[in-house]
Amino acid sequence: MSDRSFSVARVPGFATIAVTAFVLLYLPILTMVGYSFNASTSVSEWGGFSLQWYRLAWENETVKAATARSLIIASFAAVISTAVATMAALGTTRRGSFRGQTPIYVMINTPLMVPEIVTAVALLILFGVVRQVTGYQGLGYLILAHSAFCIPFAYLPIRARLEGMDLTLETAAADLYATPWATFRRITLPILTPGIMAGAMLAFVISLDDVIITEFVKSAGQDTLPTYMLGALRRQLTPEVNALSTALLALTVMLLTAFFLTTRKRN
Amino acid sequence: MTRETTVEAKAVGKTFGHGTSAFRALDNVSIRIDRGEFFTLLGPSGCGKTTLLRCIAGFESPSVGTILLSGRDITAEPPNRRPVNTVFQSYALFPHLTVTQNVAFGLEMLGRPKAQVAATVARMLALVKLEAFAGRKPAQLSGGQQQRVALARALAPAPEVLLLDEPLSALDLKLRKEMQSELKRLQHETGITFVFVTHDQEEALTMSDRVGVMSAGKLLQVGTPREIYNNPVSRFVADFIGETNFLPGVARGGVVRLASGEAVAERVANGPVTVAVRPEQVRIAAAGTRGIPALVARCVYFGTDTHVHMTLEGGVEVVARVQSPPSGDAGFAPGAKVVVLFAPDSVQVLDD
Ligand SMILES: Nc1ncnc2c1ncn2[C@@H]1O[C@H](COP(=O)(O)OP(=O)(O)OP(=O)(O)O)[C@@H](O)[C@H]1O
Ligand SMILES: [Mg+2]
């Protein structure tokens, strides 16, 4: 073989570094998953296989309520942020470069860069004011906050999909007597659907995982699954948290697999 | 016989950009295309062919001038209201729809009843011989098949005019020849006016009823392939369509003479001119007989033809195209002295 281009795989120690990285990534997760089936009450001592922690979590009304809340917030946030992101992507890609393009890209993607704690504090203050004025205490604040920080995650796959789309398809539809609305509904939207699905799934997962912003924005009794777990850990470290984490992990992995399958299918 | 006009462009101009970066892509283009005609726009890359088609389709609005369809001013109409369809160079087939759904799209948008749509689609697929592929997606078709889907899709709504923007340029030579006769057949069977764009002069000459030659945004000449080839109005047209010898000459006293003094044509106006002769109209005879003395420079073999390059007195080069003999070379050794003659009526006199 005469392939003489630089290959990082031939750097000395590459294999060691790679293996270390993988071990660091997956060993904790595997340990957690393993200990979630531990029969012992101790977090670090193996007492045989048991599903008792899953059963315990399953029978815990607080866990059930938190899970339901998490799923409700994530569903709303995914739908709202994806709708907004779709419009943003349509508005920013279907044309040549325009004035203010860079500032708009930056503004859409800023939530990815701003430290989450800053957003959390800001939202806490703003919603505090709104609470005082309106007296509203419901889940709306969490849904709104989650929708906002999920937008850039939903935006990225949708924009990528739109940028890969041949604009002459829309010209062709117009040529074949389609009104602008019919063109959007029959041509643009169907072609965009995999991107929208991917964006929605990504947003859902991101919302499901969130701790910091939720912790700051929630009112009393509005724990989501992650904030409940955080609270439970503060009180006492039990394998129940292992079981919950494992369940959350399983759900996330399933969604991410679906995400990759939908984005890959286009080729 | 009076001919009915389908598309007409009246003094159409199109300028892109503003101020110093303004670019005039179309300059005072006027054209009338007859109903049922196979009309070709021919010209080098960037001369404005696509822009003119886009103005007719409605994807671009002219900066000045009007576009008429069957006498009706459609300049301000959006593309989806014009009974004009386009075959795009990239085909632009809808990737998420099957062949059938692609072909049906225009009819559905026009709100035709389901039964009629199905019948028309079946007829179209038969016309382009794609019945067997009705259920496939565009990605599962070859380039030639995609091309035919694009044709069927554009023909299905029975437009008044079909616009084809270099539809064959992505195909290899053999498929291209096949599609050329296919297009002619489709045009004949449907009776629809075709406006075809190409920068291949041979394609333009063999396929068209009439050809419009464009250059730098201007329409230089419109005529039948024969007229364009035999009576080009300018040096550009003569040069762009086929090969031509250009010889400097002078018109004086009603006669056009070459630098060698040979009288080759008649002309009233005096002044310097360019004499154009097609290589196949140049005859070569033995030195000493009547004709313009020349020296053979070299022979280039082209299979059926041989091109004999010669220099006249004064260094002007002339190429003659002679039929290659069955064996051996054409018998003109480099350096041989000969005379050249131009076939009667084959000489074009162009203004300098
Ligand atoms: N949207 C546009 N903005 C600016 N200039 C343009 C635009 N569209 C076309 N032009 C310019 O107008 C000229 C004519 O373009 P056009 O596409 O009509 O050429 P064409 O004859 O179809 O060439 P080709 O054979 O390469 O397709 C070109 O010089 C092109 O750069
Ligand atoms: Mg073009």
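Within chain A, which whole H helices from DSSP have a Cα span along their axis of at least 20 Å and a mean Kyte-Doolittle hydropathy of 1.6 or more, if any?
In chain A, the long hydrophobic H runs are A:14-35, A:116-134, A:189-209.
Gain in length, A:Val19 to A:Val121, computed as 0.36 nm per residue apart minus the alpha-carbon separation, to one decimal in nm?
Contour length minus Cα-Cα distance gives 32.8 nm.
With unit charges on the beta carbons (Lys and Arg positive, Asp and Glu negative) and the dipole taken about the Cα centre of the stretch A:57-263, which residue among A:Ala83, A:Leu233, A:Val133 sits farthest to the positive side?
A:Val133
So, with +1 on the Cβ of K and R and -1 on the Cβ of D and E, and no other charges, what is the size of the charge dipole of the stretch B:309-352 about its Cα centre, to the nearest 20 debye?
280 debye
Rounded, prolate or oblate for chain B? Axes are the square roots of the Cα gyration tensor eigenvalues, ordered a ≥ b ≥ c, and the cut-off for rounded is a/c under 1.5.
prolate
Pop the C-beta distance of A:Val130 and A:Leu233 into the FRET formula with R0 = 22 Å and round what comes out to the nearest 0.05.
Once rounded, the FRET efficiency stands at 0.10.
Write out the trypsin sites (Lys or Arg not before Pro) in the stretch A:1-110 meeting two conditions: DSSP loop, and at most 12 other Cβ atoms within 10 Å of their Cβ.
A:Arg4, A:Arg95, A:Arg99
May I ask for the angle, rounded to the nearest 10°, between helix B:99-109 and the longest principal axis of chain B, with both axes built from Cα atoms and the value confined to 0 to 90°?
Relative to chain B, helix B:99-109 is tipped by roughly 70 degrees.
About the Cα centre of the stretch A:5-155, how large is the charge dipole given +1 on each Lys and Arg Cβ and -1 on each Asp and Glu Cβ? Please answer in debye to the nearest 20.
600 debye
Say we join alpha carbon atoms closer than 10 Å with springs in a Gaussian network model of chain B; which of B:Val268, B:Val237, B:Val296 then has the biggest fluctuation?
B:Val268
Where only protein heavy atoms count, and the probe is 1.4 Å, what is the accessible area per residue for the stretch B:204-352 in Å²?
For the stretch B:204-352, the solvent-accessible area averages 51 Å² per residue.
Before I look further, what does the stretch A:30-75 give for accessible area per residue, probe 1.4 Å, in whole square angstrom?
Here the residues of the stretch A:30-75 average 59 Å² of exposed surface.
How high is the FRET efficiency between B:Thr224 and B:Val64 when r is their beta carbon distance and R₀ equals 30 Å, given to the nearest 0.05?
0.55
At A:Glu61 and B:Ala287, where each label point lies 7 Å from the Cα along Cα→Cβ, what is the point-to-point distance in nanometres?
Once both label points are built, they end up 12.0 nm from each other.
Largest first, how would A:Val19, B:Val121, A:Val133 line up by accessible area (1.4 Å probe)?
Result of the area sort, largest leading: A:Val133, A:Val19, B:Val121.
Along the Cα→Cβ direction, 7 angstrom out, place labels at A:Thr31 and A:Val11. What is the inter-label distance in nm?
Output for this residue pair reads 2.7 nm.
Where the only charges are on Cβ atoms (+1 Lys, Arg; -1 Asp, Glu), what is the dipole of the stretch A:57-263 about its Cα centre, to the nearest 20 debye?
Result for the stretch A:57-263 is approximately 400 debye, rounded to the nearest 20.
Excluding residues on the same chain fewer than 8 positions from A:Lys64, give the lysines whose Cα lies under 22 Å from its Cα.
A:Lys64 reaches A:Lys218.
Students often get this wrong: which residues of the stretch A:135-162 have the backbone nitrogen under 20 Å from the point 7 angstrom along Cα-to-C-beta of A:Thr110?
Taking a point 7 Å out along Cα→Cβ of A:Thr110, the residues of the stretch A:135-162 whose backbone N falls under 20 Å are A:144-156.
Applying 1/(1 + (r/R0)^6) with R0 = 25 Å to the Cβ-Cβ distance of B:Ala11 and B:Arg35, what FRET efficiency is obtained, to the nearest 0.05?
That gives a FRET efficiency of 0.70.
Hand me the chymotrypsin sites (Phe, Trp or Tyr not before Pro) from the stretch B:291-352 located in a DSSP loop with no more than 14 other Cβ atoms within 10 Å, in residue order please.
Passing sites in the stretch B:291-352 are B:Phe302.
So what does the Cα-only Debye profile of the stretch A:133-175 read at q = 0.33 Å⁻¹, as log10 I(q)/I(0), no solvent term?
Values returned for q = 0.33 Å⁻¹ are -1.03.
Mind listing the long-range amide H neighbours of B:Asn245? Cut-off is under 5 Å, sequence gap 5 or more, other chains count too, H placed in the peptide plane at 1.01 Å from N.
Those lying under 5 Å, H to H, from B:Asn245 are B:Val277, B:Arg278.
Buried by at least 20 Å² relative to the chain on its own: which residues of the stretch B:55-97 qualify, computing accessible area with a 1.4 Å probe on protein heavy atoms?
B:Phe59, B:Pro79, B:Asn80, B:Asn85, B:Phe88, B:Ser90, B:Ala92, B:Phe94, B:Pro95, B:His96
Can you send over the carbon and sulfur percentage of the accessible area for the protein assembly as shown, probe radius 1.4 Å, protein chains only?
That fraction is 61 percent.
Just to confirm the number: angle between the C-alpha axis of helix B:114-127 and the first principal axis of chain B, 0 to 90 degrees, nearest 10?
Approximately 30 degrees, to the nearest ten.
What distance in nm lies between label points placed 7 Å from Cα along the C-beta direction at B:Glu313 and B:Ser181?
It works out to 5.1 nm between the two label points.
Rounded, prolate or oblate: which fits the stretch A:5-96, taking a ≥ b ≥ c as square roots of the Cα gyration tensor eigenvalues, rounded meaning a/c under 1.5, else prolate when a/b beats b/c?
Oblate, since a/c reaches 1.5 and b/c is not below a/b.
How big is the Cα convex hull of the protein assembly as shown in projection, averaged over all directions, in nm²?
Seen from a random direction, the Cα hull of the protein assembly as shown projects 46.7 nm² on average.
Cα gyration tensor of the stretch B:232-271, axes a ≥ b ≥ c as square roots of the eigenvalues: rounded (a/c below 1.5), prolate (a/b > b/c) or oblate?
prolate
Loop only per DSSP, at most 15 neighbouring Cβ atoms within 10 Å: give me the GluC sites (Glu not before Pro) in the stretch B:214-289, ordered by residue number.
When the GluC sites (Glu not before Pro) of the stretch B:214-289 are filtered for loop state and at most 15 Cβ neighbours within 10 Å, B:Glu243 remain.
Compute the helix-to-body angle for B:143-155: its Cα long axis versus the longest principal axis of chain B, expressed 0 to 90° and rounded to tens.
Around 70 degrees separate the two axes.
Report the A-B buried area as the accessible area lost on both sides summed, probe 1.4 Å, in Å² to the nearest 100.
What A and B bury together is about 1800 Å².
Using all alpha carbons of the stretch A:1-51, what is the percent of pairwise distances in each 10 Å bin, ordered from the shortest bin to the longest?
Here the calculated profile for the stretch A:1-51 is 22, 27, 20, 15, 10, 6.
As a test of the definition: which semi-axes, in Å, follow for chain A when you take the square root of five times each eigenvalue of its alpha carbon gyration tensor? Largest first, please.
They are 38, 29, 18 Å, listed from largest to smallest.
Sorting A:Met107, B:Met124 by accessible area (1.4 Å probe), largest first, what list results?
Largest accessible area first, the list is A:Met107, B:Met124.
Assuming 0.36 nm per residue, please report the length gained on full extension of the stretch B:Gln323 to B:Lys174 beyond their Cα-Cα distance.
51.1 nm
The values are calculated or read from the model by the stated rules, or taken from the named source; none is laboratory data. Everything numeric here is computed off the predicted structure, so don't read it as measured data. In this analysis, Cβ positions are derived from the backbone assuming ideal geometry, glycine residues included, and neighbour counts consider all displayed protein chains. For the accessible areas, the whole protein counts, side chains as well, though only heavy atoms, and no ligand, DNA or RNA atoms are used. Shrake-Rupley method; radii C 1.70, N 1.55, O 1.52, S 1.80 Å.
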